[in-house]
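Take a look at the structure below.
The values are calculated or read from the model by the stated rules, or taken from the named source; none is laboratory data. Bear in mind the structure is a predicted one, so any value in this text is a computation, not a measurement. Backbone-built Cβ (ideal geometry, glycine too); neighbour counts: all protein chains shown. Ligands, DNA and RNA are stripped out before the accessible areas are found, and what is left, the full protein with its side chains, is counted by its heavy atoms. Shrake-Rupley method; radii C 1.70, N 1.55, O 1.52, S 1.80 Å.
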Amino acid sequence: MDDRTKYIGGSDAAAVLGLSRWKSPLAVWALKTGAIAQEDISEHLPVKLGLRLEEAVAELFEEQTGKVVNRMNRTISHPKYDFLRANIDRKVLKEDAILECKTTSAWKAKEWDGEEVPREYVIQALHYLAVTGAAKCYVAVLIGNQDFKIKTVERDEKVISDLIRREVHFWNEFVVKNIPPSANTHDKDTLSTLFPQAEEGKTIEMDNEAAAILDTLESMKKDASSLEAQIIEQENILRQKLGDAETGLARGWKIIWANMKTRRFDT
């Protein structure tokens, strides 16, 4: 199993920047520092299927474009920063380009409409371009075994320079110094793993930042409580105006108060 604790890879890049929908900077830090053990997922069915379908996606890419690709069986390191590495899917022959093979469900087809590419994959592609020095990255995706699309992420020196700067900062300031970055909305499971159980009877003195957060949190909860009360009040006024009617129309809005066991507004 590849020891991913030694470097930042393409699948880490969006999380390091705080732009991943699935993983946070804290989760990346926990893995790289060994605070959370790296899980071997090679036997998981989605991983096995992904590896098998990768070959099919590469073949479809060749058929559709007429280009020829070669599988890459090694990890590539950035010429200056060894901890920035790339495990690319394919190298495009006779062209300064690489290929990333993706599969996704039909439910996520909209993420690939037009020229769209999910931001995590754009950042992954840019990370690979930063490490390899290639000019472009083709992203080929098989969508629900029903559609096949090819997108292109071009090299952008300004964006790549900023990406490298932020990744280097993350590695040197958090991983090397073993200082965890701040938690975010994705970190419930990570924190539960890092701190599975409170030590009974233990009390600590927290810093001024914690006090400021508590002040802000109390204010936010009061605002939320007030807003919830206002929402209920407005709904009650609408209910009063609706009277015994099931449906109400108001300047493009349609209100339905259906006869169900649980009655609620559907706007």
Original post:
region 172-244 to region 146-160: how many Å between their Cα centroids?
Top reply: 37 Å
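If we sort 131-141, 227-237 on the protection proxy, mean other Cβ atoms within 10 Å, highest first, what's the order?
Ranking, from highest mean packing down: 131-141, 227-237.
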Original post:
From the residues Trp22, Val117, Met206, which one has its Cα farthest along the dipole of the chain in the positive direction, the dipole being from +1 and -1 charges on Cβ of Lys/Arg and Asp/Glu about the Cα centre?
Top reply: Val117
Original post:
What is the helix-to-structure angle for 119-132, meaning the angle in degrees between its Cα long axis and the longest Cα principal axis of the chain, kept from 0 to 90 and rounded to the nearest 10?
Top reply: 20 degrees
Original post:
Heavy-atom accessible area per residue, the chain, 1.4 Å probe: how many Å²?
Top reply: 66 Å²
**OP:** Note down the nm distance, to one decimal, between modelled labels 7 Å out along Cα→Cβ at Gln197 and at Asn236.
**Re:** 4.7 nm
Original post:
When N is the residue count of the chain, what does its C-alpha Rg come to as a fraction of 2.2 N^0.38 Å?
Top reply: 1.35
Subject >> Debye, to nearest 20: dipole size of the chain, +1 on Lys, Arg Cβ, -1 on Asp, Glu Cβ >> reply: 560 debye
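So if I place +1 on the C-beta of Lys and Arg and -1 on the C-beta of Asp and Glu, and nothing else carries charge, what would the dipole magnitude of region 1-117 be about its Cα centre? I want it in debye, nearest 20.
Dipole size: approximately 340 debye.
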Original post:
Sorting Lys108, Lys158 by accessible area (1.4 Å probe), largest first, what list results?
Top reply: Lys158, Lys108
Original post:
Once the piece of chain linking Thr152 and Asp215 is laid out straight, how much longer is it, given 0.36 nm per residue of separation minus the C-alpha distance between them?
Top reply: 18.0 nm
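For region 56-169, what proportion of DSSP beta bridges, expressed in % and rounded to the nearest 5, is antiparallel?
Given both bridge residues lie in region 56-169, the antiparallel proportion sits at roughly 65 percent.
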Original post:
Of Ser20, Ser182, which has the most accessible area with a 1.4 Å probe, and how do the rest follow in descending order?
Top reply: Ser182, Ser20
Original post:
Most fluctuating residue of Arg85, Arg155, Arg251 in a GNM of the chain with Cα springs under 10 Å: which is it?
Top reply: Arg251
**OP:** When a/c is below 1.5 the answer is rounded, else prolate if a/b is larger than b/c, else oblate, so apply that to region 44-87 with a ≥ b ≥ c taken from the square roots of the Cα gyration tensor eigenvalues.
**Re:** oblate
**OP:** Report relative contact order for the chain in percent, whole number only (criteria: Cα-Cα under 8 Å, sequence separation at least 6).
**Re:** 18 percent
Original post:
Can you give the accessible area of Met206, probe radius 1.4 Å, in Å² rounded to 10?
Top reply: 130 Å²
**OP:** For the pairs Lys6/Lys149; Lys188/Lys222; Lys32/Lys80; Lys158/Lys188; Lys110/Lys158, note any where the Cα-Cα span goes beyond 30 Å.
**Re:** Lys6/Lys149; Lys158/Lys188
Original post:
What nm distance separates the two modelled labels at Lys188 and Glu205, each placed 7 Å from Cα along Cα→Cβ?
Top reply: 3.4 nm
Original post:
Comparing Leu129, Leu214, Leu238, which has the greatest mean-square fluctuation in the GNM of the chain with Cα pairs linked when under 10 Å apart?
Top reply: Leu238
**OP:** Please find, in a Gaussian network model of the chain (springs between Cα atoms separated by less than 10 Å), the residue of Leu194, Leu249, Leu126 whose mean-square fluctuation is greatest.
**Re:** Leu249
